[in-house]
Amino acid sequence: MMTTDNTIALDLDSVLADVMQIWLEEYNNMFQKNFTKNDISDWHIYNVLPITKEEISSLFIRVWKNRWQDIPPTSNDIADVTDHLISQGFRVSIITKRERVTVPFVSYWLDLYKVSFNDLIFIFDDVSKNRFPFFLLVDDSPINAKEIISPKRIVIFDQPWNRSLVSYDRIYKLNQLLGLL
Ligand SMILES: [Mg+2]
């Protein structure tokens, strides 16, 4: 299959929005702990913290609903990067898997940080991101990474929970994407 698509897909959580900072702040407050992002060395948080899948998800929902304004961007220039990509003729598509109740807060957050994009795709089920149109996806999830099939490209956004993925392009800040295009 030829890919002539000029769409760059960006994941939201932990690629644009550094949500784990606030998630951990809430977790630490609740359980009187002192974990940092570097402690989260596994994508499945329940493998590294004593917490269930359901509790993980409800804490994400709470963070997005009640503390979305506190969620920092992964770097201060994410809006400059998305502006630049669009000015270079790329389409920017934000593709995010999440609980439906968090949808409005995601929109508010993208407005607050003036992130430019051409479309915003919410996935509420387990469908692979691979089925959406893009030639390159930036994602932090090892699961999403393995679902992307050539000629589509995956670029890993570095996070402590994806360091076991070794044979992938990896960026540490969104602006490093510009050097890979
Ligand atoms: Mg993510």
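Every number in this text was worked out from the coordinates using simple rules, so none of it is lab data. Please read these numbers as outputs of a predicted model, since none were measured by experiment. Note that we place each Cβ from the backbone using ideal geometry, even for glycine, and neighbour counts take in every protein chain shown.
Summary table below
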item: For the chain, share of DSSP beta bridges that run antiparallel, in % to the nearest 5; result: 5
item: Of the trypsin sites (Lys or Arg not before Pro) in the stretch 35-95, those whose Cβ has at most 10 other Cβ within 10 Å and which sit in DSSP loop; result: none
item: Length gained when the stretch ASP83-ASN28 is fully extended (0.36 nm per residue, less Cα-Cα span); result: 16.3 nm
item: Value of Rg to Rh for the chain (Rh from inverse mean 1/r over Cα pairs, i.e. Kirkwood); result: 0.95
item: Within the chain, longest stretch clear of exposed chymotrypsin sites (Phe, Trp or Tyr not before Pro) (DSSP loop, no more than 13 other Cβ within 10 Å); result: 1-123
item: Mean-position separation - Cα centroids, the stretch 117-181 and the stretch 35-86, in angstrom; result: 16
item: Order of VAL166, VAL48, VAL15 - criterion: other Cβ atoms within 10 Å of each residue's Cβ, fewest first; result: VAL166, VAL48, VAL15
item: Cα-based reach from LYS173 at 22 Å (exclusive), listing lysines while leaving out same-chain residues under 8 positions away; result: LYS37, LYS97, LYS114, LYS129, LYS146, LYS152
item: Spin-label proximity, SER41 to the stretch 151-181 - amide N less than 18 Å from point 7 Å beyond Cα toward beta carbon; result: 158-166
item: Share of pairwise Cα separations in the stretch 19-70, more than 18 Å, in percent; result: 22
item: Measure of compaction for the stretch 95-166 (Cα Rg per 2.2 N^0.38 Å); result: 1.18
